[in-house]
Amino acid sequence: MAKRVLVLTLCLMVMASLAVFGAKQPTTGKVIKEATLDQEGRNVISRYILTPAPKAFLPFTDVGNTYHDYWHNDGQRRQIARDDLGGLHFEWCVADAALDVFSIYYNYLSGGTWLAAGTGIMVPNTEGGGGGGGKRPSMDLLPDGREVLAYRMYANPFNTAMSVEKNTGGLGEFNSYDLPDSISGASTVSTWPYIAASRVASGDTAFLFVTGTQNSSAAGAASYTRCFFDPSPGKGDTLYCQAPGGGILRKVIPNNLLQLRPNQLTYKFDPSRNNVTALPIATSPVSQKVAVAWDKQVASSQKQEVVYLESTNNGSDWQAAGNMGTLHQITNYGPAYAIQNTQSDNDVIYDYKDDLHIAWVTGTAADGNDNTLWHWNKSTGIKSKITHAVYTVGNNVAFNRTINKVTLAVTQEDSNYLYVTYIKYSDRDLSAADYPNGELYLQASSNGGLSWGPPVNLSNTQDSGCTAGNCRSEAYPSMAKYVDDSIFVFYLFDLDAGAADYSTAEGVATNSPARYIGIPRPTVPAVPGVYYAPSQLTSPIEWATNHSSKTDSIKFDNTGTATLQVQLSGPTWLTAAPNSFSIAELGATQKVTLTLNGGPYADTFLTGKLKILSNNGVVGGGLNFNDTQYVDINFVVADTFYFTEYDTCKKYGPILVVSNVGNVGSQSDSGGMFYNGNNYLFDASPVFVTNQIPGYAGNMGYSWIHSNADFVPEVHLKNVDISGMKAKIWLSGFGLLSNRIPGANPYTQVPWLWWDKWNIVINFAYNGIHGALFIDWWTRSPLPKWWKLVSSTNPPGGYFGFAGDWDVTASFSGKDKGGIIDSLNLVYLRQDTVNTNKWYGGFQFLSGSVTKGSTTTNYTTPFAMHVGRNKTQMYPFSGYSDDSLWKYMSMPGDFIEQDSAQDMNIIVSAIEMLNPDTTTTIKMKYAAIVSDSGITNLVDQAAKFKRVKPGDANLDGKVTVSDVVYLVNYLFKGGPEPWLLYTDANGDKKTTVSDVVYLVNYLFKGGPLPIWIFDQAPWTLFP
């Protein structure tokens, strides 16, 4: 009963969402080629047609089910088709609960009758165990209504295969074929296929066109072949395949999937093809045209352009020429706006006017999750934005962007209607395992894609926090490409968000429905849509010198079908010109000049938001400003300012990534910690947490380790080589951008700053101490303004320490366990797969102090030491919990999570501050130690760090005459080298005879104590 109620509710929601369509009376069924203006000056190029009387509404219906929830790499293949008699064909991949046996399944619906209701039938010869069998299917229909399938057989080796219904469409009787799928001279085959069938035959011959990617590695290539059936009497089951050049015809006998290897025949039409598997191919419903479109790599994996190839006679001209003709490029993004990485998501289709349409998704250079869905058609050459989304999603779902799995459809009559379906993710709808629950969206255009109606959520199954097996996540939608009075969409209703067989950490393998929905064909309402870029001015941060200003700009477009009205406002230091404007449907881009006025300010940081009021989404347009959006803006006013910088130490032991912002490595995408696959990698950040701030829900920890955008670099990153001690120092300074804590309303006010500096001292491999390094973090008074102003009589206390992460090998990254040795104040991670007693990386608390006025309190042990999951404490974009840092740093004692399936990190709360005031400063010293010789070596290093003192040349924990002898032997008699970092007794950053004299004076003549230079503020030592 509950299931029926749910289905009915979903149906009503979809029907209600479609009720807004049909707002205008029809004027004509033809497209107006030139824009005209009505009396209000509005562009009326679109003509809106009422929905015809629909067929019976078809609710969500289960076609079958599968445990396989990773249907396709990159772009979505066709998996549903509607034949000329109204029958619906479906195909999908089915796996067992162990995700070990895979096969291709088929189902057919006609006149309310199913071929195999609720289950479908297995296509013969597609089953395989051990991870084998058929996967990644693509389908189309021959002119007589028979279904053709192309898919990847996960046999050994991989190969592309085809199945074709034998005699009559819908009976589920198939022949299978081993297609030619290898290029001459190549060692690998073409996989991830797309297939399209010619709708208009050449004489009596209906062609089948197959594209694929030959190997997804750097040596990959895009491939093409054309096949057709033997027209001879009695030979209709025999297939012939050929590729441009050579005129070779490969004869393929049905149901012999091993006969043709190595199958060297297909044509390589893009040798630069690299790592992307979406090569959609389409045929025209009214001519012999065929086209393939894809994202071609033109410079690197970060630089691609959308291109296509086209034939006008079913590929016969490609055959005759021996190639696939002229490459047409429809985009020119350049480096400033490039498709991010090599995971394309696009589709191609011909309409009934014989016009070619291409849809694709881009991400900005700054943010791969800042996605835009685009459309282009050949007749106009106009690129239009369909929709735009910026979300910070949780864990990645394999090969998917925020907007993903795009498919196009066209109406059969000459109304110039286009439809697009896609999945969209939201950071407000994440599963308990932090995987996004997809939502199924539909958009429509009534003018050949020149403008688009608003997004309609067809599913509305938001289920934030759902547990594995109980989620409601739509994925992999495929739309029947030809529409009459209804639209049909087939998709996976994923009950376990993510991709279980791609990332088992997502949850559990779940038997999920393969489902479709049929809806009445909607019309396009007159609704404006707002698009603006950039969506934020925070990276790189805007900067002007003291008492001066900076100008920038933002561009607005109307992505809808009615006039867009916009009003802009912001904080007192920000002006926008114009601050009020309108953009007609298909109107020109509106550029807005932003002036950031730093005239009244000096040595400060301004943060605020440009407020955007618009009638975005209002049916009919009008002046109802019902939508409010914001553009974040960060603005530094200072004579000296540095952008984020990075330096990497790769010598001997750890790989240490250092930056001049608060996060050592910053956890950013363009900088930060990168692993070379061989050595240790260390990344850490200073952290202060408190939950004692009145009126603030949460704690300071969220602001501290959020991202590099939360810190303003105060100094240039300095790498100081202290050659006399064979050591290096990195000096860095930053200011905390505290716009997430009280006293700084993110919409109106200026945040407070807490300028900080620390130094990191690195010393490698002396006297068997392998790869040891010191970390000193310092703070400077006064404390941040918010600390004093929140409560002048009782400022909040908290915990100061660090959160750090070791990666001890790349091959086994994320496979580690933790340990703690209290007597040494040592907490560490070790390998938990291969050589588990060999590789270690750890942190040791050496000392700390809090100075309040004239009183200094020294600490010899940390308040807390914990090993936890890296994802929840260190990565805010991957499931970060606001209170996790507070939880771990305020919990006294030791705590170790042991989870070899997770990347683990270390959190040390070194100092507890209960009653700080504005005179309070903090100082802490740690050692970061690595060992490739097991726990004994790690402990030995930690013991030496704990006991040694400045001047202790022989590392016995004391400064005595034996240290003088040790130094003399080293300097004059060729004795063993001491740990030079500790032999600089006089603080001149060298080890010479003067240090011997200094120690003699101290030991025998009442001279001063040996100097530990790093007890002094590093910014005074190394300006």
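So here's what we get for this one:
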| read-out | value |
| --- | --- |
| Rounded FRET efficiency, nearest 0.05, which uses the C-beta distance separating Leu171 from Ala398 and R0 of 30 Å | 0.30 |
| Inter-label distance for Ile121 and Ala321, nm, one decimal - labels placed 7 Å from Cα along Cα-to-Cβ | 4.3 nm |
| Solvent exposure ordering (accessible area, 1.4 Å, most first) of Thr551, Thr225 | Thr551, Thr225 |
| Once the Cα gyration tensor of the stretch 941-1009 is diagonalised, semi-axes √(5λ) in Å | 17, 15, 11 |
| Inter-label distance, nm, simple model (7 Å from Cα along the C-beta direction), Lys973/Lys990 | 2.4 nm |
| Label point distance in nm, Val286-Thr628, each placed 7 Å from Cα along Cα→Cβ | 4.9 nm |
| Accessible surface ranking that places the most exposed of Arg226, Arg472 first, with a 1.4 angstrom probe | Arg472, Arg226 |
| Accessible surface of the stretch 933-1007 [probe 1.4 Å, protein heavy atoms]: carbon and sulfur percent | 58 percent |
| Residue-span extension gain [Ser933 to Arg428] - 0.36 nm each, minus C-alpha spacing | 177.2 nm |
| Amide H partners (placed H, <5 Å) of Asn125, local residues excluded | none |
| Difference of contour (0.36 nm per residue) and Cα-Cα distance, Thr113 to Thr860 | 261.1 nm |
| Val1000-Asn837 FRET efficiency (beta carbon distance; Förster radius 45 Å; 0.05 resolution) | 0.50 |
| Sequence of Ser311, Ser549 from largest to smallest accessible area, 1.4 Å probe | Ser549, Ser311 |
| Extension gain (nm, one decimal) between Asn719 and Arg947, 0.36 nm per residue minus Cα-Cα | 79.3 nm |
| Cβ-Cβ FRET estimate between Asp463 and Asn511, R0 fixed at 22 Å, reported to 0.05 | 0.80 |
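The values are calculated or read from the model by the stated rules, or taken from the named source; none is laboratory data. The structure displayed is predicted, hence computed values, not measured ones. Reconstructed Cβ throughout: ideal geometry from the backbone, glycine too, with neighbour counts over all protein chains shown. Heavy atoms of the whole protein, side chains included, go into the accessibility calculation; ligands, DNA and RNA do not. Shrake-Rupley method; radii C 1.70, N 1.55, O 1.52, S 1.80 Å.
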